Amino acid sequence: MPKVKIAQYLQSEDLPFEIFTHEAVYTARGADEAFGEIGIPSNKNLVLRNKKKTKFWMFTVRGDRQTDLRAIGDLVGDRVTFANDEHLELLLNTFAGACSPFGLVFDTEQKVEFWIEEDLTKSNFLGFHPNDNTETWRMEQKMFQAFIKSLNRPWQIAKF
């Protein structure tokens with residue numbers, strides 16, 4: 001299972017996290033209640049691609065943010081659309097409704113560029129599905145940033 005490998009990775013990097021179990025959620029709106037109960041900001045993770053399917057991005061944004069593909073395209077310098085199920089499985093070992101930065105563990109070729117909305121970097125805690133939408137794993141902001149850095153990949157702050 002993907003979440004087992006993610007947990008093993010976090011433990012090997014000494015990155016503590018807490019596990020919260022809940023009903024399966026498939027949208028940011030559906031996760032709002034669960035996220036509020038565990039003290040993390042609502043967020044959603046958009047996996048996008050260019051038209052040629054040669055570039056991929058993951059944007060972690062506030063859950064209430066309207067998806068503006070043109071604004072995101074302006075940030076990355078390309079026209080973007082949503083990645084399909086095949087790309088989610090191939091690149092991040094996940095499915096729609098369970099995407100999260102934790103899936104970057106599986107992107108060993110670093111084909112997915114990671115962006116996080118600036119507002120989310122100001123929260124004390126963040127939480128994401130571990131490629132399983134029946135759980136949310138919460139960790140301190142500094143541990144999350146250490147996680148991204150541990151992957152030896154660049155990441156960007158999105159300012160909308």
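The values are calculated or read from the model by the stated rules, or taken from the named source; none is laboratory data. Since the model is a prediction, treat every value here as computed from it, not as a measurement. Cβ placement follows ideal geometry from the backbone for every residue including glycine, while neighbour counts extend to all protein chains displayed. Calculation scope for accessible area: heavy atoms of the full protein, side chains included, ligands and nucleic acids excluded. Shrake-Rupley method; radii C 1.70, N 1.55, O 1.52, S 1.80 Å.
Computing P(r) over Cα pairs in 10 Å bins from 0, in percent directly from the structure and comparing it against (1) 10, 29, 17, 15, 16, 10, 3, 0; (2) 11, 44, 38, 7, 0; (3) 10, 41, 37, 11, 1 singles out (2).
Beta bridges per DSSP, both residues in region 82-160: antiparallel share near 50 percent. Heavy-atom accessible surface of region 16-160, averaged per residue, reaches 52 Å², computed with a 1.4 Å probe.
The residues Arg49, Arg153, sorted by heavy-atom accessible surface at 1.4 Å with ligands and nucleic acids left out, run Arg49, Arg153 from largest to smallest.
A simple spin-label model places pseudo-atoms 7 Å from Cα toward Cβ; at Phe95 and Arg79 they are separated by 3.1 nm. In the chain, a dipole from Cβ-located charges (positive for Lys and Arg, negative for Asp and Glu) runs towards its positive end, and of Pro101, Ala71, Val47 it is Ala71 whose Cα lies farthest in that direction.
Here the sum of -39500 (n - 2.57) over DSSP H runs of 4 or more residues, divided by the residues of the chain, equals -8500 deg cm²/dmol at 222 nm, to the nearest 500. Under 27 Å of direct C-alpha separation, and excluding same-chain neighbours fewer than eight residues apart, Lys55 reaches these lysines: Lys3, Lys5, Lys44, Lys111, Lys149, Lys159.
Heavy-atom accessible area, probed at 1.4 angstrom with all protein chains present, ranks Lys159, Lys44 as Lys159, Lys44, highest first. First compute the accessible area of the chain with a 1.4 Å probe, then give the percent of it belonging to carbon and sulfur atoms. Carbon plus sulfur share of accessible area: 47 percent. With the whole protein complex present, Glu37 retains an accessible surface near 140 Å², based on a 1.4 Å probe.
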